[in-house]
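Trainee: This is the structure I want to talk about, given as structure tokens.
What follows draws every value from the coordinates through simple rules; no lab data is involved. As the structure is a computational prediction, the values presented were derived from the model and not from experiment. Neighbour counts run over all protein chains shown; Cβ positions are idealised from the backbone, glycine included.
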Amino acid sequence: MTSAASAHITGESQSLRYLWLYALAAAGGATAYMPFLTILLPVRVELMAGGQAEQVEWLAYCFLAGAIAASIANIAFGWLSDRTRTRTPWILAGLVSSCGLLLAMALADDLPILLVLLVAWQVSLNMMLSPLAALAGDTVPDHQKGLPGGLLALSPGLGAAAGAIVTIEGLATADERLALVAVMVAVCVLPVLLFGRPRPMPKLMRPRTAEELRDPARQGRYKRGVVARMWLARFLMQIAEAALFAYLYTWFRSISPDFGDDDTAQVFGGVLLVAVPLTLLVGRWSDKAGRPIFPLAIAAAVTAIALLLMASAQTLLPAIIAYTLFGLVTSMFLSLHIAQTLRVLPLPQRRGRDLGIFNLTNTLPALVMAGLSLDLVPRLGFPGFFTLLAGLAALAAMLLFTVPRTDQAA
């Protein structure tokens, strides 16, 4: 009898109802930041700035300050939720405060005030996101992590879809769009807090000893070199992803001034929705083949190619095609990478803190991207910027391709 089958018989599996509610909450987390950071914030900065140069500069400042705040807050609230041995109150407090601050963005009448509100919003948002991420490790046993891992691929797509919905022409004003996003987030996150009722998983919360970590059967999973390569590869890939996250709208507008925010949202959302079935298929193949890292390496290599195509694009259609390829493979990479991270972190008693440290691969790239964009975009334009990003993606592919297959077993 397999361990998974045994777990089902002994009642060690989490309910499917809870898994779906958790996936919905994770999608709510993506909805909280994707429409705002990719579309709504750049549009507000464009309206306040005195031209494209000032727009790029202020967007860089916004993402720089926001990334610093998010990095610190994610680790801090993960650690606090570890120490208090509870996640739900932190998630709820973060939900309420982040939605309130999102609504307050409508009151900002100049760029410095918008920047201050953005930093406060990032802190409150990560009060919700950090404990929410740790909650999956607390409640979902290893033999079921494939399902939530696949469902998490829905989060970027649904977050992008939210952006496409709120930017439908004539649906809402700029301020009403912020309110629509806040309502969507609450609708997604509240059900798991109010009705989730996960089955207790005491084995997942039991502190792991040094002897257990030295167990030869576990050393492939917890081998430091593999974890370090995965961290660094994601860090490099996220620099490229963060750049497109921040400047996709601006880049499309530099190629075609008639390309609006609703057009950008539809392309962004469509790509991520198409990426969902692709991610599920590739993830299922990697489980059957016992090759969890190989698809990540392939995705990083194709990302490098897509960025070179974007660097050479001079008209709208080639730009959309190149970005579509980029969006598909990076979405697949990031979703599958999340599933692997949930399996390799070894200490349940520090799960929230450790996920916060791993989350630096999401926030620190924004700092690097902001510094690069302030220097390279004004001097070399987007083609030079994208060429550099292609080199970083190629390095990430090399890191993952050189992981021995014997070290990839979970």
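Trainee: Can you give me the distance in nm between label points at Val96 and Thr324, each placed 7 Å from the Cα along the Cα-to-Cβ direction?
Mentor: 4.6 nm
Trainee: Taking K and R as +1 and D and E as -1, what net charge do the other residues with C-beta under 12 Å from the C-beta of Tyr18 add up to? Intermediate values should be presented prior to the final figure.
Mentor: Working: positive: Arg17, Arg197, Arg199; negative: Asp138.
Result for the neighbourhood of Tyr18: +2.
Trainee: Using the number of other C-beta atoms within 10 angstrom as an exposure proxy, rank Thr86, Thr303 with the fewest first.
Mentor: With the fewest neighbours first, Thr86, Thr303 line up as Thr86, Thr303.
Trainee: How far, in nm, would the chain grow between Leu180 and Thr315 when pulled straight, counting 0.36 nm per residue and subtracting the alpha carbon separation?
Mentor: 45.3 nm
Trainee: What is the set of long-range amide H partners of Ser15 at a cut-off below 5 Å, with H atoms built 1.01 Å from backbone N?
Mentor: Correct list: Arg199.
Trainee: If we sort 128-138, 291-301 on the protection proxy, mean other Cβ atoms within 10 Å, highest first, what's the order?
Mentor: Per-residue mean Cβ counts within 10 Å order the peptides as 128-138, 291-301.
Trainee: Just subtract the alpha-carbon distance of Arg291 and Leu16 from 0.36 nm times their residue separation and send over the number in nm, one decimal.
Mentor: Gain on extension, Arg291 to Leu16, equals 96.4 nm.
Trainee: To continue, here is another question. With only alpha-carbon atoms counted, please give the Rg and Dmax of the stretch 223-303, in Å.
Mentor: 16.2, 51
Trainee: Then there's this: Treat the count of other C-beta atoms within 10 Å as a stand-in for reagent exposure and order Glu12, Glu169 from fewest to most.
Mentor: So the ranking, lowest neighbour count to highest, is Glu169, Glu12.
Trainee: Which loop trypsin sites (Lys or Arg not before Pro) in the stretch 60-144, with loop taken from DSSP, have no more than 13 other Cβ atoms within 10 angstrom of their Cβ?
Mentor: Passing both the DSSP loop test and the Cβ count: Arg85.
Trainee: Please compute, for the alpha-carbon atoms of the stretch 36-171, the extent along each of the three principal axes and give them in descending order in Å.
Mentor: Projected onto its principal axes, the Cα set of the stretch 36-171 covers 53, 31, 24 Å.
Trainee: Order these by the 10 Å Cβ neighbour count, fewest first: Ile321, Ile338. Could the numbers behind the result be given before it?
Mentor: Working: Ile321 14, Ile338 20.
Lowest to highest Cβ neighbour count: Ile321, Ile338.
Trainee: Short version: ³J(HN,Hα) in whole Hz for each residue of the stretch 126-132, in order, from phi by Karplus 6.51 cos²θ - 1.76 cosθ + 1.60 (θ = phi - 60°), x for Gly and Pro, what are they?
Mentor: Once θ is set to phi - 60°, the couplings for the stretch 126-132 become 6, 5, 8, 5, 5, x, 5 Hz.
Trainee: Over all directions, average the projected area of the Cα convex hull of the stretch 39-81 and note it in nm². If you can, show how the numbers build up before the last one.
Mentor: Details: hull surface 13.6 nm².
Answer in nm², one decimal: 3.4.
Trainee: Using each residue's phi in the stretch 269-285, evaluate 6.51 cos²θ - 1.76 cosθ + 1.60 at θ = phi - 60° and report the 3J(HN,Hα) Karplus result to the nearest Hz, with x for Gly and Pro.
Mentor: Result, ordered by residue: x, x, 4, 5, 5, 5, 5, 4, x, 4, 5, 5, 5, 5, x, 5, 4 Hz.
Trainee: Among 304-315, 172-183, 65-76, 107-118, how do they line up by average Cβ neighbours within 10 Å per residue, starting with the highest?
Mentor: Ranked from most to least packed, the peptides come out as 65-76, 304-315, 172-183, 107-118.
Trainee: Cβ under 11 Å from Asp82's Cβ, Asp82 left aside: what net charge do those residues give with Lys, Arg +1 and Asp, Glu -1?
Mentor: +4
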